[in-house]
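> This structure is in structure tokens; I'll ask about it shortly.
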Amino acid sequence: MSDTPLLEIRDFTMKYAGSSAAAVDKFSLVLPESPATITTIAGESGSGKTTLANAVLGFLTPTSGSISFRGRDIARLGRRQRADYRRSVQAIFQDPYAAYNPFYPIRHTLLQVIRQFGLASSRRQARTLMNDAVALVGMRGDEVLDKHPHQLSGGQRQRIMFARAHLVRPQLIVADEPVSMIDASLRATIIDIMLKMRDEDGISFLYITHDLSTAYQIGNEIVILYSGRVAESGEVADVIEQPKHPYAQLLIESVPVPDPRRRWQDEVSLAAEDGAHRSQQRCLYAPRCPRRMDKCDEGVPGMYQIAGTHQAACYLYE
């Protein structure tokens, strides 16, 4: 087994034109080649999750830092290497309808992948591949392949996207909010598909979400972002059951508990955000933090060790 990580993100920083603040600031992460894992990137809207996902997919070039896949910086890949990367790293996006051309049946969506990557040498083999792919996600080819996207439910369309990604047998799938537009009753199906791909096919996931409930169900590791910086990271059970950073604590407290004996407080007290705080060299959460100290305004806290891989970017644990 190679010691080279599957994916290594090192001090990734992304600043958009016209903005002095970084959308993502000095983010680092390592995904091992084996075993396959589901690593969750969590945080509220605007925390930098989708920016990070788009950079891993090669849609954005870092302002600084690097993203390497199996030891190669993806920003420096040649034409053939980039084609291999596109095959090895697949994407599942939030909107299961926007990914389709509404003029073509579902069959066309899968055939495009088969033709692009030369997966079949005959129509019969292509048909078999398509049927196997949709069977993997709990559907029948004769029931869905000749239908158009608008004839399928959101959950069915999203499952087809997982079937499409699985066709090329990727090493990594970047799943950006894949269940946020799916009915709650169908989320378990999508989660089961992800777990099956991880455990049976050895496919790793970078799971981008604001849904900590699903993160707890399927994740191995979790990274919580706030305003583009890592607030807390570690094994999912450690972070969600024993959050240390004040922001992580607030985020997890805001998740409703399915217990009729515990009343959910539908209002969370949160101080107003300082609009200029992201460009300053201090703790970004300081203006809203109930445990703010003087030193929080004087410098950026490092990642302090809690236990094992559990870390928090808070001076409380210095």
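> Counting only other residues whose beta carbon sits under 15 Å from that of Met181, what net charge do I get with K and R as +1, D and E as -1? Intermediate values should be presented prior to the final figure.
Working: positive: Arg157, Arg159, Arg187; negative: Asp95, Asp176, Glu177, Asp183, Asp211.
Charge balance near Met181 sits at -2.
> Measure off 7 Å from each Cα along the Cα-to-Cβ vector at Glu143 and Gln242, then give the distance between these two points in nanometres to one decimal.
Once both label points are built, they end up 4.6 nm from each other.
> What list do you get for Phe59, Phe27 if you sort them by fewest beta carbons within 10 Å?
Phe59, Phe27
> Over the range 105-203, calculate the relative contact order: mean separation of alpha carbon pairs under 8 Å at least 6 apart, over the residue count, as a percent.
29 percent
> Cysteines without a disulfide-compatible partner in the chain, using Cβ under 4.7 Å as the rule?
Taking the Cβ cut-off of 4.7 Å, the unpaired cysteines of the chain are Cys289, Cys314.
> Turning to a different aspect of this structure: Starting from the Cα-Cα distance between Glu33 and Ala188, subtract it from 0.36 nm times their residue separation and give me the gain in nm to one decimal.
Going from the current span to full extension adds 53.1 nm.
> On to the next question. What Kirkwood radius, in Å to one decimal, follows from the Cα pairs of the range 1-109?
With all distinct Cα pairs of the range 1-109 included, I get 15.7 Å.
> Taking a virtual spin label 7 Å from the Cα of Val300 along the C-beta vector, which residues in the range 1-42 bring their backbone nitrogen under 17 Å of it?
9-16, 19-29
> Which label marks the calculated value of Kirkwood radius over Cα pairs in Å, given the options [x] 21.0; [y] 18.9; [z] 20.5?
Among [x] 21.0; [y] 18.9; [z] 20.5, the one calculated here is [x].
> Still on this structure: Please check which bits of the range 164-198 a label hung off Arg72 would reach, taking the label as a point 7 Å along Cα-to-C-beta and the cut-off as backbone N under 20 Å.
168-174
> Cβ under 14 Å from His148's Cβ, His148 left aside: what net charge do those residues give with Lys, Arg +1 and Asp, Glu -1?
Net charge in that neighbourhood comes out at +1.
> Residues of the range 132-160 with the amide nitrogen closer than 18 Å to a label point 7 Å from the Cα of Arg124, along Cα-to-Cβ, please.
The answer is 132.
> What's the FRET efficiency of Tyr104 with Thr61 using the Cβ-Cβ distance as r and R₀ = 45 Å, to the nearest 0.05?
Details: r = 32 Å, r/R0 = 0.71.
In this case the efficiency is close to 0.90.
> With charges set only on the Cβ (+1 for Lys and Arg, -1 for Asp and Glu), what does the dipole of the range 143-264 come to about its Cα centre, in debye to the nearest 20?
260 debye
> Another question, then. Can you work out the FRET efficiency for the pair Gln116 and Val255, with r the C-beta to C-beta distance and R0 = 30 Å, to the nearest 0.05?
Computed FRET efficiency for Gln116 and Val255: 0.15.
> Collect residues whose amide H, placed 1.01 Å from N in the peptide plane, falls under 5 Å from the amide H of Phe205; neighbours closer than 5 in sequence don't count.
Result for Phe205 returns Thr37, Ile38, Thr39, Ile173.
> If you don't mind, another one. Residues with amide H under 5 Å of Ala91's amide H, sequence separation 5 or more or different chain, H placed in the peptide plane at 1.01 Å from N; which?
Hits under the 5 Å cutoff: Val174.
> Can you list residues whose amide H is under 5 Å from Ala231's amide H, if they're 5+ apart or on another chain and H is modeled 1.01 Å from N?
For Ala231, whose amide H was placed from the backbone, the distant partners under 5 Å are Ile224, Leu225, Tyr226.
> Determine, from the Cβ-Cβ distance of Ala17 and Asp132 and an R0 of 45 Å, the FRET efficiency 1/(1 + (r/R0)^6), rounded to the nearest 0.05.
0.50
> Please give the net charge around Gly48, taking every other residue with its beta carbon less than 9 angstrom from that of Gly48, where Lys and Arg add +1 and Asp and Glu add -1.
Computed value for this residue: +1.
> Relative to the longest principal axis of the C-alpha atoms of the chain, give the angle of the C-alpha long axis of helix 154-167, reported between 0 and 90° and rounded to the nearest 10°.
80 degrees
> Relative contact order for the range 41-187 using alpha-carbon pairs under 8 Å, separation at least 6, rounded to a whole percent? Can you show the working numbers first?
On the way: 155 pairs, mean separation 47.4, N = 147.
Dividing the mean separation by the residue count of the range 41-187 yields 32 percent.
Every number here is computed from the coordinates shown, using simple stated rules; none is lab data. Quick caveat, the model's predicted, so the values are computed rather than measured. Counting neighbours? That spans all protein chains shown, and the Cβs are built from the backbone with ideal geometry, glycine included.
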